[in-house]
Amino acid sequence: MAANTKKAASKGKKGGKPEKVTQKFTINASQPASDKIFDVSAFEKFLHDKIKVGGRVGNLGEAVQISQEGDGKVVIITHIPFSGRYLKYLTKKFLKKNLLRDWLRVVSTSKGVYELRFFNVVNDGDDEDED
């Protein structure tokens, strides 16, 4: 009897095509790009070279499309299940490689949108000189 219940349970999942999920991610690097410390085209090439699809690098095909949009924005459109945290990880890896990790951070402003911002530096040393 147990075999009949297993067949009935697995019958619903069998034979269907996997759902096509379309997601859009945006990485906004306009602030550091306007200050000429961040090269957006090099970042786009880095993403092309490093994003893994199916466990393999360089296997983007039609599943992942990367393009530059406007001034300092990179748009990634995926047709497979894809994690935004993976993009954040790759962005941080690029910043570390280019020695920018000490000055820039990656912040999620909304779902699917990441922004590169400068760290806020407060100089308290100026107050001591007034005494």
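The values are calculated or read from the model by the stated rules, or taken from the named source; none is laboratory data. Keep in mind that this is a model prediction, so the values were computed, not measured. Every residue, glycine as well, gets a Cβ built from its backbone with ideal geometry; the counts of neighbours run over all protein chains shown. SASA here: full protein model, heavy atoms, side chains in, ligands and nucleic acids out. Shrake-Rupley method; radii C 1.70, N 1.55, O 1.52, S 1.80 Å.
The table that follows gives values for the structure above.
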{"quantity": "Unique match (being in contact with a helix residue (DSSP H, G or I) (Cβ under 8 Å, 6 or more places away or on another chain) and among the basic types (Lys, Arg)) among Lys88, Lys50, Lys96", "calculated": "Lys50"}
{"quantity": "Residue in the stretch 77-103 that is most open to solvent (accessible area, probe 1.4 Å), counting only those that are touching a Lys or Arg at 6+ places or on another chain (Cβ under 7 Å), aliphatic (A, V, I, L, M) and touching a residue at least 40 places away in the same chain (Cβ under 8 Å)", "calculated": "Ile77"}
{"quantity": "Candidate set: the stretch 21-39, residues that are of a type outside the set (Asp, Glu) and in a loop (DSSP other than H, G, I, E, B); chosen: the one nearest to Val113 (Cα to Cα)", "calculated": "Ala29"}
{"quantity": "Test: residue in the stretch 27-48 that is of a type in the set (Phe, Trp, Tyr) and either in contact with a Cys (Cβ under 6 Å, 6 or more places away or on another chain) or open to solvent by 70 Å² or more (accessible area, probe 1.4 Å) (or both)", "calculated": "no"}
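Okay, residues lined up against (1) open to solvent by less than 90 Å² (accessible area, probe 1.4 Å); (2) touching a Cys at 6+ places or on another chain (Cβ under 9 Å); (3) at pLDDT below 95; (4) not small (Gly, Ala, Ser):
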| position | (1), (2), (3), (4) |
| --- | --- |
| Lys6 | no, no, yes, yes |
| Lys11 | no, no, yes, yes |
| Lys17 | no, no, yes, yes |
| Gly72 | yes, no, yes, no |
| Val75 | yes, no, no, yes |
